[in-house]
1. Quick check on region 146-246: of the DSSP beta bridges with both residues there, what percent are antiparallel, nearest 5%?
2. Rounded to the nearest 0.05, what FRET efficiency do residue 289 and residue 46 have when you use their Cβ-Cβ distance and R0 = 22 Å?
3. With just the Cα atoms defining each centre, how far is region 58-73 from region 237-275? Give it in Å.
4. What does DSSP give for region 42-317 in terms of the percent of beta bridges that are antiparallel, rounded to the nearest 5?
5. Kindly express, to the nearest 10 degrees and within the range 0 to 90, the angle between helix 272-289's C-alpha long axis and the longest C-alpha principal axis of the chain.
6. Just to be sure I understand the model, the point goes 7 Å from the Cα along the line to the Cβ. What's the resulting residue 132 to residue 277 distance in nm?
7. What is the angle, in °, between the Cα long axis of helix 72-81 and the longest principal axis of the Cα atoms in the chain? Nearest 10 is fine, range 0 to 90.
8. What full-extension length gain, to one decimal in nm, is calculated for residue 90 and residue 320 as 0.36 nm per residue of separation minus the Cα-Cα distance?
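What follows draws every value from the coordinates through simple rules; no lab data is involved. Fair warning: this is a prediction, and the values are worked out from it, not measured in the lab. Ideal geometry is used to build each Cβ from the backbone, glycine not excepted, and the neighbour counts take in all protein chains shown.
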């Protein structure tokens, strides 16, 4: 018995020695390097036969003082309760690529070179997702603010999408592209008109810029009037096999506040009352129908469902998962 115990003790000692050598060897080798960058900015969702790819163009921060309709101290209190204690709320620039099987349709183009080093990543995100700007057939603009149109052109003003037809609502084009509107605009607003004109210029020159009124330029797509944020703000409802997704543009900007308080406008709204009404109406309809919403400025990928709770709304973001679920998924119950 004593001999057996000694044998076990010797083996244990040898094992500990071996482990110590292994640890020492591991400590001596170089540590795995930090990667220092985020994973590629794309995420996919299947909506019926449609393949939707969210594309991350970048981000900026929006200060809470941009929201109107509530004392700033109350807004800051809401943000602090949701762990947003910095001077601004990080806000994404999302664009969305829809492969219909017949066309490749891009909704909005991001901020391009107009914001600074934290944006202009759309082409890289698209290429990481397996596509190239030259493959885009149609670009649908929800509106013509710079963080939606600047991605149409590169830093030299050349078209990034050489084969795409570009569409926006007629009310939107009439507002931003009319020379008289630029002339009449306050000095601080003139750059926004100039950027819109510059961003669409190569498409207009080549006959590839178009407007619409009541008929969507893509078959099977329903236009949704979201006027208020801008005169021609438009959502695009895509449907397939009983499923739908609405690309809603700037229906919301600061999610941590405006889902709880959809009655708050933002400084960028051309007509605040109209923008608020459009948001409340749309959120109510989406909550009832269960339609997916894809929004330009919600945290990437900006896709999810809306739930209504009394007089406010809750955002239910799309979780990461397979593009197509397996026919048989293990169920534990």
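1. The antiparallel proportion sits near 70 percent.
2. With a Förster radius of 22 Å, E is 0.75.
3. Each part reduced to its Cα centre gives a spacing of 16 Å.
4. Working: 42 of 55 bridges.
So the antiparallel bridges amount to about 75 percent of the total.
5. Rounded to the nearest ten degrees, it is 50.
6. Those two pseudo-labels are separated by 4.8 nm.
7. With both axes taken from Cα atoms, the answer is about 30 degrees.
8. Working: separation 230, 0.36 × 230 = 82.80 nm, distance 2.05 nm.
Using 0.36 nm per residue and subtracting the Cα-Cα distance, I get 80.7 nm.
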